[in-house]
Amino acid sequence: MGGKLGINGLGRIGKLVLWRNVAERNFDEIVVNTGRAAGTSLNDIAYYIERDSTYGSLKKYLYGFKDHTAITDVDDVSGTMTINGVKITVLRKSRNPREIGWKDHGVEIVVDTSGAFVDPTKPPDDPKGSLRGHLEAGAKKIILSAPFKIKDKSKPMPDDAVTTVMGINEHDYNPARHKLISAASCTTTCLAHMFKPLINKIGPKKILTASMATVHAATGTQEVLDRLAKSGDKDLRKNRSIFNNIILTTTGAAETLALVIPEMSQIGFIAESVRIPTTTGSLVILVVNIQEDPDRILIDRDYINGIYKEAALNSQHRLVVYSDEQNVSSDIISMPLAAVVIEGHETHTRTAEITFDAGRLTGVKKELLDGLKDNMVRIPLTQTVIYGWYDNEMGSYVNALSMLTKMIAEDSS
């Protein structure tokens, strides 16, 4: 494919996006902006890139057990190095996106992994920096590795911004219109691939309510040790040690999910999150209440698992993985391309009749109620519990993000 890719930020996602793209060699050059100096020289940045406490060494990631050197030609003066035959240029000066020299380096596509610029409505000259600053600096397409968050709730989503999840709604991206593309979040990516097969098979009108909880590995928002809250902090739990605690937190997955699967607006949905002391490897527990249809096969465990088996073989091949094995979280770390691994062994269903007073429903004509005994209506309802594993860093999110980046680059060429 060739061309140049920009990466803004070299944290967890930024580094792994770099790993994935040098492995695939989709671009001739990758320009990474750290926004600041690190260590004593470029060799210290190379040291950081080459090693990872979760995924091991870059050398092993690229070559397995072959005796190859991963990083060569490290030049502190020019700020360049070579990884797997791909030239890497590291910029170490500007944090503000509009001051990053993307144009000078011929970069047109930038993946912003900094987490600092998520509001698509902020102007490029915002004194604290903004996502649109990348456009002013010469980039033409900005891919955000996080959901959009508009601070001023009175402002609508800009026409040139779109949220996509690879394998779900990537075709909503219009090359002629969209300049800012959010790749949503790791949890939304997993959840979308769990919900889409259900909606395709059952339909949104039969799904009455749903809820999910993500048992999520630690992220950079947790503290290693307990720390005094900063001025204005509202969630004091984020300042507690992730080493020692299960921490209740929030997730925007429900709101973002409706952007990539519009049918979700018809379904009552609640999403919660719990952080646990692991470095990666997370789990979505999805509970769905489905209205039974007397003319259709009973919705049971085999029926639900069959939906995911079909998705894994067809429409969501490789992004949905179905497993009958008894997995634990470390088993799915680095699993290639899997947005979600369905733990079919633990799928559960229970069908029962629920009874409610039809007289309390709005918009029901009186003559329709006259034939009902005590206005009571009984409907069959099946509750199903589905477990979905996801490697919230490399295996699920970064792989899907990199697929999206490649698609956008191809559409732009």
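Look through Asn26, Asn8 and report the one residue that is under 23 Å from Pro336 (Cβ atoms) and either among the polar types (S, T, N, Q) or not assigned by TED's automatic domain parsing to the domain that holds Glu99 (or both). I'd like the intermediate steps shown before the answer.
Working: Asn8 fails: under 23 Å from Pro336 (Cβ atoms).
Just a single option satisfies the conditions, and that option is Asn26.
Going by what's in this entry, would Ser273 be described as in contact with a His (Cβ under 6 Å, 6 or more places away or on another chain), among the hydroxyl-bearing types (Ser, Thr, Tyr) and under 28 Å from Val165 (Cβ atoms)? Lay out the reasoning, then the answer.
Details: in contact with a His (Cβ under 6 Å, 6 or more places away or on another chain): yes; among the hydroxyl-bearing types (Ser, Thr, Tyr): yes; under 28 Å from Val165 (Cβ atoms): yes.
The answer is yes for Ser273.
Tell me which residues, restricted to segment 55-72, are under 26 Å from Asp112 (Cβ atoms) and either over 28 Å from the mean Cα position of the chain (by Cα) or without any contact (Cβ under 8 Å) to a residue 40 or more places away in the chain (or both).
We begin by selecting, within segment 55-72, every residue under 26 Å from Asp112 (Cβ atoms); these are 55, 58, 61-62, 70-71.
Answer for segment 55-72, where residues must be under 26 Å from Asp112 (Cβ atoms) and either over 28 Å from the mean Cα position of the chain (by Cα) or without any contact (Cβ under 8 Å) to a residue 40 or more places away in the chain (or both): Leu58, Ala70, Ile71.
Could you go through segment 193-205 and let me know if any residue there is in the same structural domain as His105 (by TED's automatic domain parsing) and in contact (Cβ under 8 Å) with a residue 60 or more places away in the chain. Looking for residues that are in the same structural domain as His105 (by TED's automatic domain parsing) and in contact (Cβ under 8 Å) with a residue 60 or more places away in the chain, one finds none in segment 193-205, hence no. For Met194, state whether it is at pLDDT 95 or above and either in a helix (DSSP H, G or I) or loosely packed, with under 14 Cβ neighbours inside 10 Å (or both). So Met194 fits the description; yes.
Yes or no, residue by residue, for (1) in contact with a strand residue (DSSP E or B) (Cβ under 6 Å, 6 or more places away or on another chain); (2) among the aliphatic types (A, V, I, L, M):
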site	(1), (2)
Ile143	yes, yes
Ile150	no, yes
Lys153	no, no
Val165	no, yes
Asn174	no, no
Arg177	no, no
Ser182	yes, no
Thr187	yes, no
Pro197	no, no
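A search for C-beta distances below 6 Å between a residue of segment 234-261 that is assigned by TED's automatic domain parsing to the domain that holds Gly220 and of a type outside the set (Val, Ile, Thr) and any residue that is modelled with pLDDT of 90 or more and assigned to a loop (DSSP other than H, G, I, E, B), counting only pairs 6+ apart in sequence or on different chains, returns Leu236/Ala229; Asn239/Arg227; Asn239/Ala229; Arg240/Asp226; Ser241/Leu225; Ser241/Asp226; Phe243/Pro277; Gly252/Pro147.
The residues listed here are Thr187, Thr209; of these, the one that is of a type in the set (S, T, N, Q) and either in contact with an Asp or Glu (Cβ under 8 Å, 6 or more places away or on another chain) or surrounded by 22 or more Cβ atoms within 10 Å (Cβ to Cβ) (or both) is Thr187.
If you check Asn84, Asn96, Asn43, Asn21, which single one turns out to be at positive phi and at pLDDT 95 or above? So that I can check it myself, show each step before the final result.
On the way: Asn96 fails: at positive phi; Asn43 fails: at positive phi; Asn21 fails: at positive phi.
Among Asn84, Asn96, Asn43, Asn21, only Asn84 is at positive phi and at pLDDT 95 or above.
Residue-level analysis places Gly252 among those that are at pLDDT below 95 and touching a Pro at 6+ places or on another chain (Cβ under 7 Å). When Asn26, Asn33 are checked against the criterion of being farther than 29 Å from Ala218 by Cα, of a type in the set (S, T, N, Q), surrounded by 14 or more Cβ atoms within 10 Å (Cβ to Cβ) and touching a strand residue (DSSP E or B) at 6+ places or on another chain (Cβ under 8 Å), a single residue qualifies: Asn26. In segment 1-39, the qualifying residues are those that are among the small types (Gly, Ala, Ser) and assigned to a loop (DSSP other than H, G, I, E, B), and the one that is nearest to Ser396 (Cα to Cα) is Gly11. Exactly one of (1) closer than 24 Å to Phe148 by Cα; (2) out of contact with any helix residue (DSSP H, G or I) (no Cβ under 7 Å at 6 or more places or on another chain) is unmet by Leu208. Its number? Among (1) closer than 24 Å to Phe148 by Cα; (2) out of contact with any helix residue (DSSP H, G or I) (no Cβ under 7 Å at 6 or more places or on another chain), the lone unmet condition for Leu208 is (1).
Given the criterion in a strand (DSSP E or B) and within 28 Å of Gly395 (Cα to Cα), identify the matching residue among Ile143, Ile49.
Numbers: Ile49 fails: in a strand (DSSP E or B).
When all the criteria are applied, what remains is Ile143.
Among the numbered conditions (1) in contact (Cβ under 8 Å) with a residue 12 or more places away in the chain; (2) of a type in the set (Asp, Glu); (3) surrounded by fewer than 16 Cβ atoms within 10 Å (Cβ to Cβ), the only one that Asp52 does not meet is (3). Residues of segment 318-328 include none that is among the basic types (Lys, Arg), in contact (Cβ under 8 Å) with a residue 24 or more places away in the chain and either under 24 Å from Leu401 (Cα atoms) or part of a helix (DSSP H, G or I) (or both).
The values are calculated or read from the model by the stated rules, or taken from the named source; none is laboratory data. Since the model is a prediction, treat every value here as computed from it, not as a measurement. Reconstructed Cβ throughout: ideal geometry from the backbone, glycine too, with neighbour counts over all protein chains shown.
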